[in-house]
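The values are calculated or read from the model by the stated rules, or taken from the named source; none is laboratory data. Worth saying up front: this structure is predicted, and the values here are computed from it rather than measured. Cβ placement follows ideal geometry from the backbone for every residue including glycine, while neighbour counts extend to all protein chains displayed.
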Amino acid sequence: MTARTLLVRGMLVGVVAGLLAVAFSSLFGEPQINNAIAYEAAHTPPGDHEHELVSRTLQATVGLAVAVLVYGAALGGVFGLAFAFAYGRLGRLGARPTALLVAAVGFVAVYAAPFVKYPASPPAVGNPDTIGRRTALYFLMIVVSVAVAIVATLVGRSLNRRLDTWTASLVAVAVFVAVVALAGLVLPAVDEVPGDFSATLLWRFRLASLGTQLVLWTTFGLLFGALTERSLRRQADKTPQAAAVG
Amino acid sequence: MAQVSALSTPHSAPAPVAIPLRDLLPWAVFGLLLVLVAVYFVGAEQGATSLVSGHWVHEVTHDGRHILGFPCH
Ligand SMILES: [Zn+2]
């Protein structure tokens, strides 16, 4: 098992996860995006409409698939590398639980924690003039969250020499929650929802976004874990004495 | 002890062996570059900043950008 194998496997699993996420987001996300665009069109003065470069149909099908697949493959690759780092460094934890744990941490650090501060928003929510500031703040929140997750994991691992695994893990989670909550408190708020925008539509869109990311990361964890477990068993069957080493 | 249990259950998975950090590092650098480029194009190109002229990257990735959680319009 090499880092290269795990990177490639992660990217392939990422493509499969991306396909499932595309299916999920077309079913649950696209209706909300279309409702938001209808709201937007109703609030734009006639004659002020921009010329469409890519048709809505193409955006909602091919465009959605391209974006989600590229994102899935890239994050799947990094997930594979994170697994390569974690596997064998978490006591006797096997391939499948290690993969699921890495996926859970990845989902929280890359998406869920930044989402709590700067939640996903449908079209028409958000002032075009503030896109630079909103993008910078969102990426900053992701960087902070991922960095704190890595530091908290290392803190937990070093504490595990003195404390038992359960207690050390709880301390690591507490460090993550405390520092990220503090960052959320310090960073400026973004609230650009128009006063008459449907609260139901906003809620459904955000749930669809959360669901799409959950589909991605769950697939990373379960499929990658299953494939890695299978390949490890095959290796062990080929060289039975290898099981006794290490 | 580990040897005994491994011999008694020959089909169980071997004890996890970590990949050395020095073997991991070059791939980690490569993976980081890959994810930065991908997330930049899906999440920010022709929105906050623009490397490629025009609007087509923004237009194509538009729905995915919203649904994956990135700021848009
Ligand atoms: Zn948009």
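Go through region B:41-68 residue by residue and tally those that are within 18 Å of A:ILE37 (Cβ to Cβ) and within 7 Å of chain A (Cβ to nearest Cβ).
12
Which of the helices (runs of 4 or more DSSP H) contained wholly in region A:14-122 include at least 2 residues that are touching a Phe, Trp or Tyr at 6+ places or on another chain (Cβ under 9 Å) and within 24 Å of B:VAL37 (Cα to Cα)?
A:64-86, A:95-106, A:113-117
Please work out if A:PRO128 is under 16 Å from B:PHE70 (Cβ atoms) and modelled with pLDDT under 95.
Here the answer is yes, as A:PRO128 does meet what is asked.
In region B:17-47, how many residues are within 16 Å of the ligand (Cβ to nearest atom), among the small types (Gly, Ala, Ser) and part of a helix (DSSP H, G or I)?
Selection size over region B:17-47: 1.
Report, ordered by the first and then the second residue, all pairs with beta carbons closer than 8 Å, sequence separation of six or more or different chains, a first member in region B:48-73 that is within 10 Å of the ligand (Cβ to nearest atom) and assigned to a helix (DSSP H, G or I), and a second member that is of a type in the set (Asp, Glu) and at pLDDT 90 or above.
That search, which allows pairs on different chains as well, returns B:ASP63/A:GLU30.
With the checklist (1) within 10 Å of chain B (Cβ to nearest Cβ); (2) among the β-branched types (Val, Ile, Thr); (3) surrounded by 15 or more Cβ atoms within 10 Å (Cβ to Cβ) in hand, flag the one item A:VAL62 doesn't pass.
(3)
If you take the residues in region A:29-44 that are surrounded by fewer than 21 Cβ atoms within 10 Å (Cβ to Cβ) and facing chain B (nearest Cβ under 9 Å), which one is farthest from A:ALA74 (Cα to Cα)?
A:GLU40
Could you list, in sequence order, the residues of region A:65-96 that are within 7 Å of another protein chain (Cβ to nearest Cβ) and among the basic types (Lys, Arg)?
Of everything in region A:65-96, those that are within 7 Å of another protein chain (Cβ to nearest Cβ) and among the basic types (Lys, Arg) turn out to be A:ARG89, A:ARG92.
Looking at region A:1-25 only, could you name the residues that are within 9 Å of chain B (Cβ to nearest Cβ) and of a type in the set (S, T, N, Q)?
Result: A:THR2, A:SER25.
Going by the conditions given, is A:ALA104 under 21 Å from A:LEU12 (Cα atoms) and surrounded by fewer than 22 Cβ atoms within 10 Å (Cβ to Cβ)?
So A:ALA104 passes the test.
Residue under question is A:PHE205, and the condition is that it be buried (at least 17 other Cβ atoms within 10 Å of the Cβ) and not in a helix (DSSP H, G or I); does it hold?
no
Being away from every other protein chain (no Cβ under 12 Å), surrounded by fewer than 18 Cβ atoms within 10 Å (Cβ to Cβ) and either under 30 Å from B:GLU59 (Cβ atoms) or within 16 Å of the ligand (Cβ to nearest atom) (or both) is true for just one of A:THR130, A:THR200, A:THR167. Which residue is that?
Result of the check over A:THR130, A:THR200, A:THR167: A:THR200.
Give me the pairs, please: first residue somewhere in region A:196-213 and basic (Lys, Arg), second residue anywhere and part of a loop (DSSP other than H, G, I, E, B), beta-carbon distance under 7 Å, and either six or more positions apart or on two chains.
These pairs meet every condition: A:ARG206/A:PRO119; A:ARG206/A:ALA120.
Take the conditions more than 18 Å from the chain's Cα centre (by Cα), among the small types (Gly, Ala, Ser), within 16 Å of the ligand (Cβ to nearest atom) and under 22 Å from B:GLY43 (Cα atoms) and apply them to A:ALA124. Does it pass?
yes
When the residues of region A:145-188 are filtered to those that are basic (Lys, Arg) and not in a helix (DSSP H, G or I), which remaining residue is modelled with the lowest pLDDT?
A:ARG161
Tell me which residues, restricted to region A:151-181, are closer than 30 Å to B:THR49 by Cα and free of Cβ contacts under 8 Å to residues at least 24 places away in the same chain.
If the condition is that a residue be closer than 30 Å to B:THR49 by Cα and free of Cβ contacts under 8 Å to residues at least 24 places away in the same chain, then A:ALA181 is the only one that fits.
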